[in-house]
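Computed from the coordinates by the stated procedures, all read-outs in this text should not be read as laboratory data. Since this is a predicted model, take the numbers as computed values, not measurements.
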Amino acid sequence: MLTFYWAFGGYTSISEGLEVSAEKSANREWKLVGGELCLDFANTADWHASDSPHEQLRTYEDLVDWAIHSGILDKASGEQLLLEAARHPSAARGVLKRAVTLRESLYRIFVAAVAAQTPDAANLNILNEELARALRRLRLTCDCSRWAWDWKEDDRALDSMLWPVVRSAADVLTSHKHAKVGQCADDRGCGWLFLDLSKNRSRRWCAMEDCGNRAKVLRHYRLARSPSFKRKV
Ligand SMILES: [Zn+2]
């Protein structure tokens, strides 16, 4: 996939206010902890709740790479899109910009959902615009015994990975799941979102082995340094 990387102008940041990490795109390890496609997409910026979020969708290739990793695209379809993007770099940059704008809108809509607040109208408008684009590609299929929703195949549609994302967002927001969206409680501003399926909505961390483990170590450290703990020893 790196063959076509030159076409997109290197590690160009297209998102305002987000820091671009020096980490090489190809080495990115995507973590899918959201439990829903739309939440995983919202988590494509690190430290999202901090003052300095880190952008992870820096190139169109990043977007395709994430889509393959999350199961939206198979590798062959991803490579086909990269070929198409190499032929139309300006259009690919446009899709990347739309993707980041959508991602930021989704993030803010779901953060509002976590706080049981009404989302900002501008963010909802952006989601609805992308939803209208995506739904035009939706169709019914039937294999004689089973009807299903499917996407109209188009190897040249550079934004095809966004269609399932916006449909996932619409499904979560219009179902009981919207009340189960949670946000990592990490005090550094991880901010990642997830579907909390625990009893009594007790999940606090994006991942126990990540922010959860750090909080656990910190808690033990503080406990060990407290005067009451020392008296017991
Ligand atoms: Zn976290």
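Points to keep in mind about this one:
- Difference of contour (0.36 nm per residue) and Cα-Cα distance, T174 to M208: 9.4 nm
- Scalar couplings 3J(HN,Hα) for region 163-170, obtained by applying the Karplus form with A = 6.51, B = -1.76, C = 1.60 to θ = phi - 60°, are 4, x, 5, 6, 5, 4, 4, 5 Hz; x denotes Gly and Pro.
- Subset of K31/K216; K75/K199; K31/K177; K31/K75 violating a 30 Å alpha-carbon distance limit: K75/K199
- Karplus-based coupling profile of region 53-68, in residue order and whole Hz: x, 9, 6, 10, 9, 9, 9, 4, 4, 4, 4, 5, 4, 5, 5, 5, with θ = phi - 60° in 6.51 cos²θ - 1.76 cosθ + 1.60 and x standing for Gly or Pro.
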